[in-house]
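Below is one structure, written out as structure tokens, with a few remarks after it.
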Amino acid sequence: MNSIELRRALHRNPELSFEEHATQRLIMESLTSEGIACRAIAGTGVIATIEGRRGNLGRAVVLRADIDALPIEELNEVDYRSENRGVMHACGHDMHTAILYGVLRELNRERDFEGTLIAIFQPGEELNPGGAIKVLDENPFEGYDVAAVIGEHVDSRLEVGEIGICPGRFMASNDEIRLYISGRGGHAARRHEINDTVTAMADMVMRTTALNTPDGVVSIGRIVADGATNVIPDKVYAEGTMRTFSEELRERIYSHLRGNGKIIEDKYGVTVEVDINRGYPCVVNDMLLSYEAMIVATDEGITVRELQPMTTAEDFGHYTERYPSLFYRLGVGAAAGGSHTATFLPDERAIEVGERMMRRIALHILNK
């Protein structure tokens, strides 16, 4: 099976986070048929290892691809469209998996490198707190000197033949915020007898969004106040997201959120609960790896675009916290449309570019 065949097989049968059982089987069968040693990791993921023919086998480069899909009904009219109703590879993880598989096929046939190549086909990137932390909890790199962890993500803002790299801080941390306000509801016309939970939540939301800065995003996307035109409910609920580019700012916003909760309690006589589901850390690219990758790409005839930090998030940040790491963007063409939509369709010509880039940067690091 070649890379495009694997990609289409995965696209035809997408699976949600931590439900990637058929995906895992297909990856392991494909790797095994190529003589590549592999095993399960993090439940529904796969780890593969290829040893080079020379050098210190304790020195390793880790290549990572995510394998899960999204709860979206596909609208593309292609012969490999999703057969799993309501589930689709709308974020390009099938492309990531195919690219990593292609790199392993080629490098396993040659093994003309120093050290050890480790590949992670990671489950659950789309579901907080992400599959990366489950991978790392198993200490799969114990005994290795990890020189780099490399990952990539398709991007329709870049054309085929282009990659995007952002040295240093690249992608934001990601936390889920849930706000609960409880009080004595009742008849909306008898305000002296109630605690106005709706107004209290409105005040809390305004204080929350006032915490936005260029380096930190706090947004509320859902509010539930199950009252009526003349009924103030006992409970109001809200939820949203928080993104930051530094752990210091992250902790500061946590503190402000809880402090605002106390202010609202005193002002309206209600009870406020602030629940923060801590998610992915920031993705911070190693500066040296970033610039080396730019040189490697240019030597390969791949156009490099230097990117600015973005407030989207990726659980690849868990790897960047522990190891020198690089996460870059791979162009799949504007015609692919927007990711996380029912019509996202990357240009498969990007697979060859992605394989070439990942293979060359891996060899560059291993053979230093």
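What is the helix-to-structure angle for 93-110, meaning the angle in degrees between its Cα long axis and the longest Cα principal axis of the chain, kept from 0 to 90 and rounded to the nearest 10?
Between the helix axis and the principal axis of the chain, the angle is about 20 degrees.
Check the straight Cα-Cα distances from K134 and name the aspartates and glutamates below 15 Å, setting aside those fewer than 8 residues away within the same chain.
The qualifying aspartates and glutamates are E19, E20, D66, D68, E125, E126, E142, E314, D315, E321.
Choose one of N195, S182, I163: the residue whose Cα lies farthest towards the positive end of the charge dipole of region 159-227 (beta-carbon charges +1 Lys, Arg; -1 Asp, Glu; about the Cα centre).
Checking the options against the dipole of region 159-227, the answer is N195.
Net charge within 9 Å of G279 by Cβ-Cβ distance, Lys/Arg positive one each and Asp/Glu negative one each, not counting G279 itself?
Working: positive: R278; negative: D175, E176, D315.
Summing Lys/Arg as +1 and Asp/Glu as -1 gives -2.
Would you please give the FRET efficiency between V78 and M206, computed as 1/(1 + (r/R0)^6) with r the Cβ-Cβ distance and R0 = 41 Å, to the nearest 0.05?
That gives a FRET efficiency of 0.35.
Distance between Cα centroids, region 245-270 to region 14-81: provide it in whole Å.
41 Å
Considering only DSSP beta bridges where both residues belong to the chain, give the percentage that are antiparallel (nearest 5). Show your work: numbers first, answer last.
Details: 46 of 72 bridges.
For the chain, the DSSP antiparallel bridge percentage is about 65.
Relative contact order for region 259-366 using alpha-carbon pairs under 8 Å, separation at least 6, rounded to a whole percent?
On the way: 87 pairs, mean separation 27.7, N = 108.
Relative contact order of region 259-366: 26 percent.
Given a cut-off of under 8 Å on Cα pairs at least six residues apart, what relative contact order in percent is computed for region 299-362?
On the way: 29 pairs, mean separation 16.2, N = 64.
Relative contact order comes out at 25 percent.
To the nearest 20 debye, what charge dipole does region 1-145 have about its Cα centre, counting +1 at the Cβ of each Lys and Arg and -1 at the Cβ of each Asp and Glu?
Details: 15 positive and 25 negative charges, 89 e Å.
It comes to approximately 420 debye.
Just to confirm the number: angle between the C-alpha axis of helix 287-299 and the first principal axis of the chain, 0 to 90 degrees, nearest 10?
The answer is roughly 50 degrees.
Within region 130-149, find all residues whose amide N lies under 18 Å from a label point positioned 7 Å from the Cα of R222 along Cα-to-beta-carbon.
130
In Å², and per residue, what accessible area does region 179-227 have when probed at 1.4 Å with the other protein chains present? Working shown, then result.
On the way: 2640 Å² over 49 residues.
Computed with neighbouring chains in place, this is 54 Å² per residue.
Points 7 angstrom from Cα along the Cβ direction at E51 and E110: gap in nanometres?
About 2.1 nm separates the two model spin labels.
Could you look at the chain and say what percent of its accessible area is carbon and sulfur, using a 1.4 Å probe and all protein chains?
Numbers: 7400 of 15320 Å².
It is 48 percent, rounded to a whole number.
Build a GNM of the chain with springs between Cα atoms under 10 Å: which of A119, A228, A350 gets the top mean-square fluctuation?
A228
Would you mind telling me the antiparallel percentage of the DSSP bridges in region 21-165, rounded to 5?
Numbers: 12 of 26 bridges.
Antiparallel bridges: around 45 percent, rounded to the nearest 5.
State the volume of the convex hull built on the alpha-carbon positions of region 250-323, expressed per residue in Å³ and rounded to an integer. Show your work: numbers first, answer last.
On the way: hull volume 8.6 nm³, N = 74.
Per residue, the Cα convex hull of region 250-323 comes to 116 Å³.
Tell me the angle of helix 197-209 to the major Cα principal axis of the chain, expressed in degrees between 0 and 90 and rounded to the nearest ten.
Once rounded, one gets 40 degrees.
Which loop-located trypsin sites (Lys or Arg not before Pro) does region 26-66 contain, where loop means any DSSP state but H, G, I, E or B and the Cβ has at most 13 other Cβ atoms within 10 Å?
Loop-located and lightly packed - R53.
What nm value, rounded to one decimal, do you get for the distance between R322 and T213 when each label is placed 7 Å out toward the C-beta?
Going from the R322 label point to the T213 one covers 3.0 nm.
Would you mind working out the accessible area per residue for region 281-350, using a 1.4 Å probe, and quoting it in Å²? Display every interim value, and only then the final one.
Details: 2930 Å² over 70 residues.
For region 281-350, the per-residue accessible area is 42 Å².
Using just the alpha carbons, could you tell me how many Å³ per residue the convex hull of the chain encloses?
On the way: hull volume 52.0 nm³, N = 368.
Cα-based convex hull of the chain, divided per residue, equals 141 Å³.
Compute the Rg/Rh shape ratio of region 267-368: radius of gyration over Kirkwood radius, all on alpha-carbon atoms.
On the way: Rg = 18.7 Å, Rh = 16.6 Å.
With Rg and the Kirkwood Rh in hand, the quotient comes to 1.13.
Nearest 20 debye, what's the magnitude of the dipole of region 132-175 about its Cα centre given +1 on Lys and Arg Cβ and -1 on Asp and Glu Cβ?
Working: 3 positive and 9 negative charges, 32 e Å.
Once rounded to the nearest 20, the dipole reads 160 debye.
Towards the positive end of the charge dipole of the chain, with charges on Cβ (+1 Lys, Arg; -1 Asp, Glu), say which of F344, Y254, M242 has the farthest Cα.
Y254
If you build a Gaussian network model of the chain, linking Cα atoms that sit under 10 Å apart, which residue out of Q122, Q24, Q308 swings the most?
Q308
Please calculate how many Å² of accessible area region 72-123 carries per residue, with a 1.4 Å probe and no DNA, RNA or ligand atoms counted. Write out the running numbers ahead of the final one.
On the way: 1720 Å² over 52 residues.
With the other protein chains kept in place, region 72-123 gives 33 Å² per residue.
Can you give the FRET efficiency for R258 and M1, using 1/(1 + (r/R0)^6), R0 = 56 Å, r = Cβ-Cβ distance, to the nearest 0.05?
Rounded to the nearest 0.05, the efficiency is 0.60.
Contact order normalised by length for the chain, with contacts defined as Cα pairs under 8 Å and 6 or more residues apart; what percent is it?
Numbers: 870 pairs, mean separation 85.9, N = 368.
With pairs under 8 Å counted, the relative contact order is 23 percent.
How about K235: which lysines have a C-alpha closer than 26 Å to its C-alpha, ignoring those fewer than 8 places off in the same chain?
K262, K267
By how many nm would the segment from A189 to T271 grow when fully extended, if each residue of separation counts as 0.36 nm and the alpha-carbon distance is taken off?
Working: separation 82, 0.36 × 82 = 29.52 nm, distance 2.18 nm.
Answer, rounded to one decimal: 27.3 nm.
The values are calculated or read from the model by the stated rules, or taken from the named source; none is laboratory data. The model shown is predicted, which means the values in this text are computed figures rather than measured ones. Neighbour counts are summed over all protein chains in view; Cβ atoms, including those assigned to glycine, are modelled from backbone coordinates with ideal geometry. Note: areas computed on protein heavy atoms with side chains; ligands, DNA, RNA excluded. Shrake-Rupley method; radii C 1.70, N 1.55, O 1.52, S 1.80 Å.
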